[in-house]
Amino acid sequence: MSEKIFSRASGTRAKANDFVIADVDYAMAHDGTSILAVRSFREMGTEKVWNPDRIVVPFDHLTPANTDTTAALQKDIREWLHAQGIKNFYDVGEGICHQLLPEKGFALPGKLIVGADSHSCTYGAFGAFGTGVGATDMAEIFSTGKLWFKVPESISITAEGKLGKHVYAKDLTLRIIGTLGVAGATYKAAEFYGSTIESLSVSGRMTLCNMAIEMGAKAGIVPPDKKTFDYLKGRTEETYEPVYADEDAHYAQEYHFAASELEPQVACPHNVDNVRGISELSPTKIDQAFIGTCTNGRLEDLEVAASILKGEKVAVRTLVIPASREVFLEAARKGVIETLLEAGATIGTPGCGPCLGGHMGVIAKDEVCISTANRNFKGRMGTGGFIYLASPATAAASAITGEITSPADI
C-alpha cells in the first residue's frame, strides 16, 4: 500500500528503500510544533506557503494557554495563519489534531498526510499514509508542498478471532507492541489484516494505527472498507482513490495474533513494550486515572468508561478529556458526561491535556497514573511519576478501586 501511495505522490514507480521527492496532500502542525516550523519557515526566507488550503493547524497541546509565554507564542501563530490565508485553523477547545483531521475530512484513503507530530500515523486508519516529521521538514513542506522520503519496507500484522468481553482495540495494540518491541518495526509500514481488524470500529482502528510509532513504524495502515467510506460521508467533498496491496505483495516480516486469547493488557513503566496481561500484575495502587488523548479519547472510549463507572464513585483523581468538541457534544447529548461527572470524574477541555506532561493533570514525583495514552516514558507526565497504559475500561475500573483492576472485577 505504501509503495502505491508514494508512486502516486512522487510520479515514479516507487519501491521499498527508494528515495523519492513526494507531493504532500495535507500538512499539519499543532500549537507546539507550528511555532518551530514557522520559525524555520521565516529563516528560509519564504514569503508565502505553497498552498494555504493544504495546511491544517489545530491548537491542542497547551490549551487553553497555561502561561503568558505560551499565550504570546500562540498569538504569533494566529497572526501568521491570518497573514498566510490559512483557514484550516482549529483554536482552543476544538480538539486534538489527530482527531480533528479525520473529523474534518482531511484523512482520506490513498493520500500522503504529514504532520509535525509523531502520532500522525493515526491517519493510516483510513487507508492513508500518515507519518510524522520534525519542524524543519515541516517548514520545507510549508514552502514547497514537497518532501523527500525513503519508501519504507512493509510488514504484515494479522489478527484473527473475536475480542473477548472487556478486551478492546487498545489491548490488542499493546499486545502487538509487547510482542514486536519498541524497535520491532523501525522505519517499516505496518499493514493490519484479519477478521479482528475488519471487526474493529473506525475508532478502534485509529487506536491501533496511532500507536504504530511506538514499535518504531513509519506508518500503520488499515485497508479502507465500507466502515471507512461511511465515516467519511459528509466530511469531505474531495475525491480520493483507495489503494490496496496486491495479492502477491511481499512483506519484510509477517506476524499473526489470536485475538480471542487476549485478556486486558497493561504497559508498565517505563517502556511501552513492557506489556503484561492484567492477571500477571501484582496489586498496584494508583493516584490518578486519565481517560482521553488521541489514542482513546473518542466517543466509543468515553461510553465504555461510563458503562464501568455508572452508579460507582471514583477513589482517586479521575480526569476525562474528550478528543474533540464533536466528541464532547455527542457524549453530552447521550448522557455520558453526566454519568462520568456523577461518578466523580473531572472533565477537561478537548485537547491533549497531561499526556505530554505540560498541562491539566501532570503527576508529582512517585505518583502513579493509569492512562489511556500512548506513552509511559519516564518523565512523560511529570518528573519522577509512573505511568501504566491501558484501555478506557481498565482505567475506569482502576479509578473505582484505587488500584489497577480488571473491568471484569467491577
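The value given for the stretch 166-270 is a Kirkwood hydrodynamic radius of 15.0 Å, derived from the mean inverse Cα-Cα separation. Can you pull the accessible area of residue 360 for me, 1.4 Å probe, Å² to the nearest 10? Counting only protein heavy atoms, residue 360 exposes about 60 Å² to solvent. Residue ranking by accessible heavy-atom surface, 1.4 Å probe, largest first, among 12, 372 comes out as 12, 372. Kirkwood hydrodynamic radius computed over the stretch 96-186 comes to 15.2 Å, based on all pairs of distinct alpha carbons. Between residue 284 and residue 195, the contour length at 0.36 nm per residue exceeds the alpha carbon distance by 28.6 nm.
Using a simple spin-label model with pseudo-atoms 7 Å out from Cα toward Cβ, residue 332 and residue 247 lie 5.2 nm apart.
Checking the cross-link pairs 162/378; 188/233; 104/218 against a 28 Å limit on the alpha carbon distance flags 162/378; 188/233 as lying beyond it. Carbon-plus-sulfur accessible fraction, the stretch 84-167 (probe radius 1.4 Å, protein heavy atoms only): 50%.
Projected over every direction and averaged, the convex hull enclosing the alpha-carbon atoms of the stretch 261-410 yields 7.8 nm².
Using a probe of 1.4 Å, the accessible surface attributed to residue 355 totals some 10 Å² when neighbouring protein chains are kept in position. The value for the chain of Rg(Cα) / (2.2 N^0.38 Å) is 0.94. Label points 7 Å out from Cα along the Cβ direction at residue 17 and residue 383: separation in nm? With each label placed 7 Å out from Cα toward Cβ, I get 4.5 nm.
Using the Cβ-Cβ distance between residue 36 and residue 270 with R0 set to 22 Å, the FRET efficiency works out to roughly 0.25. Taking K and R as +1 and D and E as -1, what net charge do the other residues with C-beta under 14 Å from the C-beta of residue 394 add up to? Cβ neighbours under 14 Å give a net charge of -2.
For the stretch 261-317, the calculated P(r) over all alpha carbon pairs, in 5 Å bins from 0 to the bin holding the longest distance, is 4, 13, 17, 27, 27, 11, 2 percent.
Note on residue 287: accessible area is roughly 60 Å² with a 1.4 Å probe, heavy atoms of protein only. Accessible surface computed residue by residue for the stretch 170-313, with neighbouring protein chains in place and a 1.4 Å probe, gives 42 Å² per residue. 3J(HN,Hα) along the stretch 231-244, derived from phi through the Karplus expression 6.51 cos²θ - 1.76 cosθ + 1.60 where θ = phi - 60°, amounts to 4, 7, 4, x, 9, 8, 10, 6, 7, 8, 10, x, 10, 9 Hz, with x in place of Gly and Pro. Of the solvent-accessible surface of the stretch 267-410, computed with a 1.4 Å probe and all protein chains present, 49% belongs to carbon and sulfur.
Among the DSSP beta bridges whose two residues both lie in the chain, what percent are antiparallel, rounded to the nearest 5?
20 percent
Could you tell me which of 66, 22, 99 has its Cα farthest along the dipole of the stretch 13-171 towards the positive end, charges placed at Cβ (Lys, Arg +1; Asp, Glu -1), taken about the Cα centre? Comparing the listed Cα positions along the dipole, 22 ranks first. Excluding same-chain neighbours fewer than eight residues apart, the aspartates and glutamates reachable from residue 75 by a Cα-Cα span under 12 Å are 31, 91. Relative to the 2.2 N^0.38 Å rule of thumb, the stretch 304-371 has a C-alpha radius of gyration ratio of 1.14.
Residues in the stretch 1-132 average 36 Å² of solvent-accessible surface per residue, probe 1.4 Å, ligands and nucleic acids excluded.
Summing charges over neighbours of residue 239, with a neighbour being any other residue whose Cβ is under 12 Å away from its Cβ, gives -3 when K and R count +1 and D and E count -1.
Loop-located trypsin sites (Lys or Arg not before Pro) across the stretch 199-300 with a Cβ neighbour count of 13 or fewer within 10 Å are 233, with loop assigned by DSSP.
The values are calculated or read from the model by the stated rules, or taken from the named source; none is laboratory data. Keep in mind that this is a model prediction, so the values were computed, not measured. A quick note on method: Cβ atoms are made from the backbone with ideal geometry, for glycine too, and the neighbour counts reach across all protein chains shown. Accessible surface areas use protein heavy atoms only, side chains included; no ligands, DNA or RNA. Shrake-Rupley method; radii C 1.70, N 1.55, O 1.52, S 1.80 Å.
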